[in-house]
Each structure stands twice: as C-alpha cells, then as structure tokens.
Amino acid sequence: VHRMKEEIQARPTSTGMRLRLEWAPLSDGPPGWVEARRRLLSTGSVWSPEDRDAIGEFLHRRIDDERASKEVFTWRELLFSAFDYRKWHEFSIHREQDGTWRKLTRRTHGTGSGGEKAIALTMPQLAAAAAHYAGASPSAPRLILLDEAFVGVDREMRGQCMGLLESFDLDFVMTSEREWGCYSTLSALAIYQLTRQPGIDAIHTTRWVWNGQERREGDMPEQGSA
C-alpha cells in the first residue's frame, strides 16, 4: 500500500491534477473490528490487561464466526481466513479539487473532464502494477496487458495516459483496433499491424517503430532508445 501511494504521489499529472490513495477500514467489517484496530494501532509495546482481553475476544470471535460459516477446512485455512484483515479494508482514491481533497465516488468522478476521469481510474491501476514489480530483479520485465485502453478519451489525454506507462517504467502489450500509440510522451514503441482480407485464411503483419518523434515502417529502434 505504501509503495502504491509513493508511486502515485511521485507522478503528478501535467494538468495539475493530484491523486492520493487511501486504504481505510470498512465501516461494516466484522463486529468489534474498528475498536480492535484502534487498540492495535494505538497501544505501545506492552498491552494493558483491558487491551489484551478486548483483542483476544475479537480474535476468538473471528475464529468462531469463520468455523460456523465453513463446512470443510483445515486449521491453517481457518486461521488464514479468520485473520485476513485485507477483507476488512477498502481502497479509495482521493482527488484534489479547488485546494480540497475529495474522495472519488461515482458522483465526484463525473465532475472531472474526460481526460481527468480516465487518469483518475488509470493511474491507481498502474501504480498497483508498479508497486507489485518493485521487489523484482531490476532486469525483470514489468509486463502488463491492455485491451482497447483509453477508449473514449481525446488524443491529448490519451498521450498523457500512454506517458504514464513509461513514467511507471512498465512494459506493456496493447491491442487496439485504431490506437497506434505514437505520442511524444513515449520514447519508443514497437507496433505490429495485422491485416486480413475476406476469403483469405491468412493474416499479414507489418512492423512499425515509433522513436518518440516519427513512425517508421520496419526500422529498428535507434541505439539507446527504450
């Protein structure tokens, strides 16, 4: 979660829009969860008898509730499911508007421009992928797959969204009927155009390369380009 927040905050958009990620406890989580969480976060290295009793009671109740909801389980699986605190939280995106941070909901999301709405949804996903790959070897691919991404977004904003892929240092494969991905925000891109004709059981492929300034058919990227 912290890596995702760092990834987002390190990359403000060119339009000046700022986003932040929050991971907050669900209000309708398990009974006693909010109070148990408060105690776990506020207590020091030594628990008081009241803290120990309250947290112990909460954990025992979680085991009993999980046991009652499952017919077949191992003890390991039971404990894993009973104490999986990730299910008791939710992610939320906050966007800064007029100097005020507001949680991104269906209503507040609709108040942004088309490009802002696209970035507000795209950036957290890219941040999650970048954070996931943070622990990998520096030479490992950071692959994501995109299908008809950024549909309905104007060209200028599509360029910014594509630039985010490079900003997050992600290796992407994208399929699209019309999108070529040739934007100045990308330093290099390999493109394969697939063409078919009715009645012919074959597909013709044409290789193109975008070098950040122009698209060339069949050329290899210039030396040193990404």
Diffing region 89-106: the Karplus 3J(HN,Hα) column from phi (6.51, -1.76, 1.60, θ = phi - 60°), in whole Hz with x for Gly and Pro, holds 10, 9, 7, 9, 9, 10, 10, 7, 10, 6, x, 10, 7, 10, 5, 7, 10, 4
Normalising by the residue count of the chain, find the relative contact order in percent from Cα pairs under 8 Å and 6+ residues apart.
16 percent
Apply 1/(1 + (r/R0)^6) to the Cβ-Cβ distance of ARG178 and ASP201, taking R0 = 30 Å, and write down the FRET efficiency to the nearest 0.05.
0.75
With the 1.4 Å probe rolled over protein heavy atoms, region 99-172 has an accessible area per residue in Å² of 55 Å²
Which value in nm describes the separation of the simple spin-label points at GLU77 and ARG38, placed 7 Å from the Cα toward the beta carbon?
3.6 nm
Can you give the Kirkwood hydrodynamic radius of region 46-141 from its Cα pairs, in Å with one decimal?
17.9 Å
To the nearest 10 degrees, how steeply does helix 114-133 sit against the main Cα axis of the chain, on a 0 to 90 scale?
70 degrees
TYR183 accessible area, assembled protein chains, probe 1.4 Å, Å²
10 Å²
Rank these residues by their accessible area, most exposed first, probe 1.4 Å: PHE73, PHE150.
PHE73, PHE150
Taking only C-alpha positions in region 107-219, Rg and Dmax in angstrom work out to 16.1, 50
What lysines does LYS5 reach when the alpha-carbon gap must be under 29 Å and sequence neighbours fewer than 8 apart in one chain are set aside?
LYS87, LYS103, LYS117
Over the chain, with every protein chain in place, what whole percent of the accessible area is carbon and sulfur at 1.4 Å, could you tell me?
51 percent
Equivalent ellipsoid dimensions for region 31-82 as semi-axes, Å, which come from the Cα gyration tensor, largest first
25, 10, 9
Using only the alpha carbons of the chain, what is the convex hull's orientation-averaged projected area in square nanometres?
20.2 nm²
Please list, ordered by chain and number, the residues whose modelled amide H lies under 5 Å from the amide H of ASP171; skip anything fewer than 5 residues away on the same chain.
ARG142, LEU143, ILE144
Taking a crude spin-label model, label points 7 Å out from Cα along the C-beta direction, the GLU6 to SER27 distance in nm is 3.3 nm
In terms of solvent-accessible area of protein heavy atoms at a 1.4 angstrom probe, what is the ranking of CYS182, CYS161, highest value first?
CYS182, CYS161
Of the DSSP beta bridges with both residues in region 118-226, give the percent that are antiparallel, rounding to the nearest 5.
65 percent
Which percent, to the nearest 5, of DSSP beta bridges fully inside the chain are antiparallel?
80 percent
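The values are calculated or read from the model by the stated rules, or taken from the named source; none is laboratory data. All values reported here derive from a predicted model rather than from experimental measurement. All Cβ positions, even for glycine, are placed from backbone atoms using ideal geometry, and neighbour counts span all protein chains on display. What goes into the accessible areas is simple: the full protein's heavy atoms, side chains included, and nothing from ligands, DNA or RNA. Shrake-Rupley method; radii C 1.70, N 1.55, O 1.52, S 1.80 Å.
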